1. Residue by residue through segment 189-204, which ³J(HN,Hα) values in whole Hz follow from phi under the Karplus form 6.51 cos²θ - 1.76 cosθ + 1.60 (θ = phi - 60°), with glycine and proline marked x?
2. Reachable lysines from LYS47, Cα under 30 Å, same-chain residues fewer than 8 places away excluded?
3. Once every DSSP H run of n ≥ 4 in the chain is given -39500 (n - 2.57) and the sum is divided by its residues, what mean residue ellipticity at 222 nm do you get, rounded to the nearest 500 deg cm²/dmol?
4. Work through the residues other than GLY236 whose Cβ is under 9 Å from its Cβ and net out their charges, Lys, Arg +1 and Asp, Glu -1.
5. For segment 136-194, what percent of Cα pairs sit more than 16 Å apart?
6. Compute all pairwise cysteine Cβ distances in the chain, then list the cysteines with no distance under 4.7 Å to another cysteine.
7. Below 8 Å, C-alpha to C-alpha, sequence gap of six or more: please give me the relative contact order for the chain in percent.
8. Quick one: net charge around ALA171, please, counting Lys, Arg +1 and Asp, Glu -1 for every other residue with C-beta under 13 Å from its C-beta.
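A short reminder: the numbers here are calculations on the coordinates, not readings from a lab. As the structure is a computational prediction, the values presented were derived from the model and not from experiment. As a convention, Cβ positions derive from the backbone with ideal geometry for all residues, glycine included, and neighbour counts pool all protein chains shown.
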Amino acid sequence: MAVRIISSIIGLPILICLVLLGGIFLKAGVIILSLIGMYEFYMAVDKKIQPVHWVGFLLAVIYIASVGLTDINILDYILTAFIPIILIVQIIMHDKININNVCSSLFGFFYIAFMFSNILFIRKLYLGNWTIWLVFISAFCCDTGAYFTGMCIGKHKLAPVLSPKKTIEGAVGGIVAAGACSALYGFIVNKFAQVPEDINIIFICFVIGFAAAVFSELGDLAASSIKRYTGIKDFGKIMPGHGGVLDRFDSVIFTSAAVYLMLIYFIKY
């Protein structure tokens, strides 16, 4: 537990600085997290499927680096170019690469890099420099609330096969904690940000935090299902006490997408 806390103390200021700075710094952070996360995923499934690593890495770097440079949907153009390329590679190296390798390579990109890119999209929205924190508040507060609630009153297993330590009580406690912390953050935004009168930012933050926490739980279980399939305990060891990037940010991958979609719905500016 002490190692986990120390690791968080070191990593949290870096995360805060990258989000506050935004721009190229945040984009660089997302690229690094994506590449490490994809590497962990590819190594996890490598014994069973053998993804074409370089295709996923190259696709991730080009896509994330292109986000925000143009108003067009750059993903359409990139995929239009990359899918034929990887299929041509399959033709040339048909004795080593099959459709399973291709699909796992693309899935690693979509599951990690594409989902992480929602953080960049949120930062560019109206009030995005404020609402981007809902991604991390909902994920981290849900995780913390679930841990302590489960430790104190947890009795009924949530998903005993995928994650034996998770309980229903813990999951509910985590969701409630995320909703409450997000509402509290809404008060801060309402006080210090220039929020239009027709936007009830406190209510919006509460709803988004509460709902995103549900996706946070699902993201955690999704990562657990991959680990069970591949027979590993952790995706990596880069973050002492936490494991790999995917072990720490598996919930953020889901909350970033959920928060982005809900912000588009609630704040139409």
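1. So the Karplus estimates, Gly and Pro as x, are 4, 4, 7, 10, 9, 8, 9, x, 5, 7, 10, 8, 5, 5, 5, 4 Hz.
2. LYS96, LYS165, LYS166, LYS227, LYS233, LYS237
3. Numbers: 11 runs with 194 residues, N = 269.
So the calculated ellipticity at 222 nm is -24500 deg cm²/dmol.
4. So the environment of GLY236 carries a net charge of -2.
5. Tail of P(r) above 16 Å: 47 percent of Cα pairs.
6. CYS17, CYS103, CYS142, CYS152, CYS205
7. 21 percent.
8. Numbers: positive: LYS155, LYS157, LYS165, LYS166; negative: ASP143, GLU169, GLU217, ASP220.
Net charge in that neighbourhood comes out at 0.
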